[in-house]
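What follows draws every value from the coordinates through simple rules; no lab data is involved. These figures come from a predicted structure and were not determined experimentally. No Cβ is skipped: glycine too gets one built from the backbone with ideal geometry, and neighbour counts run over all protein chains shown.
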Amino acid sequence: MSQASVGFHCPECVKAGSQQVIRARDLNSNSRPPVTTALIALNIVAFFFQGMIVGDPPETLQRLGRLWGPAFADGEWWRIVTSGFLHGGLLHIGFNMYALWIFGPLLERGLGSVRFALAYTAGLLGGGAAVVLFDFGQPTLGASGAVLGLAGALAAVLWSKGVPITQTSLGGVLVMNLALPLLVPLISFWGHFGGIVAGFAAGWLLSWLPDRYGQPANVAIGATAALCAGLFALAVVGASVGGI
């Protein structure tokens, strides 16, 4: 046996060079994740203009961009997207952007920028669709649904690798964000729930189809794009009947 920094190695292992040391700086050697960075920048710019643009009544940008079932039903379909880039205050955007920076780079480097963008879009549309369906008359805004969609997608990716979320802190994060709206009425439960479910579905398609079922990456991307289109259509149909 050959002495090593920790314990001993057999001679064959030493000769084969089987021991690989991964340093912390190696994990951060990739370039800055472009989609995550762009999303954070867009949210910050939108929040800046929320404070700069005022009208009668005040907060015109927030009023015109938030998701509200009756307005969405009248054809203002952009609200399901714009609401995900508007926030109700500094604490609101600060918490969401911190969570985006925690989940975003990890998932973007694992999936690639295109698939990461699809997972984020699925969370955004899934949260919006759930609000329109189950909380039709309540105005909502914030990136929480999309960001939690990333958490849901990460859970699916870990599962595809054989890592149950119960063995990580991710399970606690998901449970906490589903329980928090029940304690704080101003936080949208359906926005969180819809984002997590849609993000998990997107993560399952993006990771399981190629990894477990051997499908080409383009098939997974197309299936996830179809999921996003279906979520948007579900929101439109739900709005047409005034929610559930």
- Cβ under 14 Å from V35's Cβ, V35 left aside: what net charge do those residues give with Lys, Arg +1 and Asp, Glu -1? +2
- Item | Summed side-chain charge close to T140 - residues other than T140 whose Cβ falls under 12 Å, Lys, Arg +1, Asp, Glu -1 | +1
- Per-residue Cβ contact counts at 10 Å, fewest first, order H192, H92 as H92, H192
- Among I40, I244, which comes first, second and so on when ranked by fewest other beta-carbon atoms within 10 Å? I244, I40
- Message: Just to be sure I understand the model, the point goes 7 Å from the Cα along the line to the Cβ. What's the resulting V175 to A225 distance in nm?
- Response: 3.9 nm
- Query: Got a sec? How would L234, L67, L91 order by Cβ neighbour count within 10 Å, fewest to most?
  - Reply: L91, L234, L67
- Note on the structure: For the pair S240 and A41, the simple spin-label estimate (label points 7 Å beyond Cα toward Cβ) gives in nm 3.9 nm
- Rough spin-label spacing in nm, given labels placed 7 Å along Cα→Cβ, for T166 and I102: 2.2 nm
- Item | Calculated FRET value between Q138 and V184, using beta carbons and R₀ = 22 Å, to 0.05 | 0.95
